[in-house]
Every structure is written in C-alpha cells, then in structure tokens.
Amino acid sequence: MSGGTLRRAGDCWDMRRLWTMIALLAALAVVAALGGWTLYASSRLGYGWEGLGQVLVFVVAGLVAVGGLTGGLMWLAFYSARHGYDEPYDINKPGGGRPR
C-alpha cells in the first residue's frame, strides 16, 4: 500500500460500522428535530395545546390498540413456530411430516 503502512482486514469493517452508526445517529437527530418542529408549528394552529385534550383519548386508545395487535401477532408467530405450524407439509410422509 502507498504510504508504507499496512492495514488489518478488520479496520475496513470497523470504519464502516463507525460511519453507519454516525449516519443512524444523524438520521435520528433529523427525525427528532422534525418531530419537535411539527409539535411547535401545530401548537399555533386551531386551538393550540388546548385542543389536544379533545383528541388525546383517541390517540391513547389508538396506541394501545396498535400495541395490543402487535403483541398479539408476535405471540401468534412465536406460538406457531414453537408448535411446528411453520414446517412445510410433505404429502409423502405420514401426518404431512410435521412433528406431533
């Protein structure tokens, strides 16, 4: 290599990991800034923060419903994986080749 120094093979991956982390943190900062600006800008529309109380019940109910649906679907996915429902069906084996 030019410059008279040799690099280890892992150095390239370490730098790639570092730049990936920097890019992810920068993206997170941009999203947080956009969220803050959105909250600030929307506070001046309509009734401002006083109007938030009228829809807050629906927002919380929506978050609880989405969280419950997500948790339920994840539970079903793990349940089916543990009990063999995700195994392929084989017509050449008794019982379709699924464990009992």
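Candidates 45, 6, 76, 63: the one that is open to solvent by 100 Å² or more (accessible area, probe 1.4 Å) and either modelled with pLDDT of 90 or more or of a type in the set (Ser, Thr, Tyr) (or both) is 63. The numbered conditions (1) in contact with an Asp or Glu (Cβ under 7 Å, 6 or more places away or on another chain); (2) at pLDDT 75 or above are all true for residue 98 except (2).
The values are calculated or read from the model by the stated rules, or taken from the named source; none is laboratory data. Not measured: the values here are computed from a predicted model. Counting neighbours? That spans all protein chains shown, and the Cβs are built from the backbone with ideal geometry, glycine included. For accessibility, only protein heavy atoms count, side chains too; no ligands or nucleic acids. Shrake-Rupley method; radii C 1.70, N 1.55, O 1.52, S 1.80 Å.
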